[in-house]
Amino acid sequence: MEKFFTTTGLSRRRLMQGAAAGVAAYATSPFWATNARSQAGDLATIHEKAAAEAKKLAEGRSVTLKIMQPSGSLGNVKPVADPFTQATGIKFEYLEVPLGEINQKVLLEAVSRSGSFDLALPATFGIPDLAESGILVNLDQYAQKYEPADYQKDALYTIGDYYKGSLFGYQTDGDTYLMFYNKAWLDDEAEKKGFADKHGYELKVPDTWEELDAMMGWFHRPDKGMYGGALFRTQYFIAWEWWGRFHAKGFYPLADDLTPQINNEAGVAALEELIAASKFLYPGARTNGLFENFEAFGEGDKFANIGWGGTQKFLNSDKSKIKGKLAFGDMPGGQVNGKLLKTPYFNWGWNYVVSSVSPEPEIAYLFSLDACSPVMSTIAVRDPAGYFDPFRGVHHEDPEIQKVYTPEFLVAHKASMINSIPDLYLKGQGEYFDELRVNIAAADAGSKSAKAALDDTAAAWQRITRRMGPRSQEVQWRFLKSNYPAGIRDELK
């Protein structure tokens, strides 16, 4: 299953087609004027101008950029890099790293300073730790020089690109969390009547977690080979669902002084509801990993699942029995102050970043600017076997991308991207979330009460904050809170 997302599953023809499309995207254009941010900028030609500036910087020299990327994403990167080489003469070397290891590999470079890469594609949630380590170039100076004022106008989620207000990377993957539903079951008239008679409301794409849980319970009939859901219950993934359930009750995870709020009454209720919903999941929910989850839901015998664009790529492939039979929605919400509060969540993503050890940081930046531009990023996202999901509005309108994902999915995806809350982008993010994961999994397994699990997590979070430095963490937390979507920010406390 995993090879569906690895380069071994990519044909040479697929890579050549992508590269050819990239070459066609370049055309002769005047070199970029200086101080680009003072100008309106033409989104259609940014990639040409970035390549032209890189060519000038490399003139008379042989330059090779080394890129470290998660294995399985070469089909997203190479079709953009190849035309950059043809336009500039700048070559590339590719270093593929298992997707679960790439952030650690980048962080190790902060110690070794070996110059093993010029550019990397770490997971977005790791940007704070990488920035604090000193291995990432603060890109503010280059953005001031080269990035047009409207460059991010079409980008749907940019919070993770910044740490304490400074630019450290460019988002190249739209990993917002989404819901998938068995449309045939939703549309069945007998099921609709039976559910409405029992619960007093319509069987449809649910608005709230309460409705989702009721629907999973309704369809959970193991004796008939039907299961309520395929939502993750493995330790690594389980905390993300709780994060959505908790926010939908109207709270930030931290108070302004960084006191954890996760173990308040709402947090405990969210965890108890998650545990109760586990009864309606298929038997593999606690053991199956990412790709096995795709396969399991693709069998068509489960009502609901949670995932990303990568999930949809598989479900919309010929390997899936549920292809063309899905309904989509953002994560369910909750009733807060008499109103429906939905809190879509961006919890993964990959970012182009530049190594502070690179001898060519300016050229590396210009390639990042090129790769994430509207024209070139569209080519990257088109790859049906890669990791990059749409992250610009233009991607959702592209006919080839629509074939990969379906127009119906892209409607839900775009809405979720625009309204997504950020991940916990603090230094030590991995430590905070590891504590949350371990304790939530323990509560789900029955070895801790929900209250004890969250109390233990909150105590651990306070220790982590003291070690990371409260003043520094407060600066970033204020920045994060200010970048929650306005409609959500107004309802959280």
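So the values come out like this:
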| item | result |
| --- | --- |
| Selected from P422, Q235, I275, residue furthest toward positive end of dipole (the chain; charges at beta carbon) | Q235 |
| GluC sites (Glu not before Pro) restricted to DSSP loop in the range 170-245 with at most 13 other C-beta within 10 Å | E202 |
| Built amide H within the under 5 Å cut-off of V97, gap 5+ | Q69, S71 |
| Solvent-accessible area per residue, Å², over the range 228-373 with all protein chains present [probe radius 1.4 Å] | 29 |
| Sites K325 and K224, calculated FRET efficiency, Cβ-Cβ separation with R0 22 Å, nearest 0.05 | 0.75 |
| 222 nm mean residue ellipticity, helices alone, for the chain (DSSP H n ≥ 4; -39,500 (n - 2.57); rounded to 500) | -14000 deg cm²/dmol |
| Calculated from backbone phi, Karplus (6.51, -1.76, 1.60) coupling profile of the range 412-417 in Hz, x at Gly/Pro | 5, 5, 4, 4, 5, 4 |
| Theoretical FRET efficiency, 1/(1+(r/R0)^6), r = Cβ-Cβ of K451 and N337, R0 25 Å, to 0.05 | 0.50 |
| For the range 315-386: rounded, prolate or oblate by the Cα gyration tensor [a/c cutoff 1.5] | oblate |
| Dipole of the range 300-381, positive end: most advanced residue of V381, Q335, S368 [Cβ charges, Cα centre] | Q335 |
| Computed lengthening from A196 to L95, 0.36 nm per intervening residue step minus Cα-Cα distance | 30.9 nm |
| Considering only the chain, percent of DSSP beta bridges that pair antiparallel, nearest 5 | 65 |
| Heavy-atom accessible area per residue - the range 103-215, 1.4 Å, Å² | 37 |
| Whole-number D in µm² s⁻¹ for the chain, Kirkwood Cα-pair radius fed into Stokes-Einstein, 10 °C, 1.306 mPa s | 68 |
| Residue-level accessible surface for Y146, protein heavy atoms, 1.4 Å, Å² | 10 |
| Portion, in percent, of the accessible area of the chain that falls on carbon or sulfur, probe 1.4 Å | 51 |
| Degrees between helix 235-247 axis and first principal axis of the chain (Cα, 0 to 90, nearest 10) | 80 |
| Degrees separating the helix 265-277 axis from the principal Cα axis of the chain, which is the longest one | 80 |
| Cα gyration tensor, the range 398-458 - rounded (a/c under 1.5), prolate or oblate | prolate |
| Alpha-carbon centroids, the range 251-273 and the range 425-485: separation in whole Å | 10 |
| Extension gain, A276 back to E299 (0.36 nm per residue minus Cα-Cα distance, nm) | 5.9 nm |
| Estimated FRET transfer efficiency when R0 is 35 angstrom, pair D256-I418 (beta carbons, to 0.05) | 0.85 |
| Violating pairs (Cα-Cα greater than 22 angstrom) within the set K193/K342; K198/K279; K302/K451; K192/K224; K105/K414; K323/K414 | K193/K342; K302/K451; K105/K414 |
| Between helix 46-58 and the chain: long-axis angle, C-alpha atoms, 0 to 90°, nearest 10 | 50 |
| Additional length obtainable on full extension of the chain from V475 to E292, 0.36 nm per residue less Cα span | 61.9 nm |
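The values are calculated or read from the model by the stated rules, or taken from the named source; none is laboratory data. What you see is a predicted model, and the numbers here were worked out from it, not measured in a lab. Glycine gets a Cβ as well: all are built from the backbone with ideal geometry, and neighbour counts include every protein chain shown. Protein only, heavy atoms only, side chains kept; ligands, DNA and RNA dropped before computing areas. Shrake-Rupley method; radii C 1.70, N 1.55, O 1.52, S 1.80 Å.
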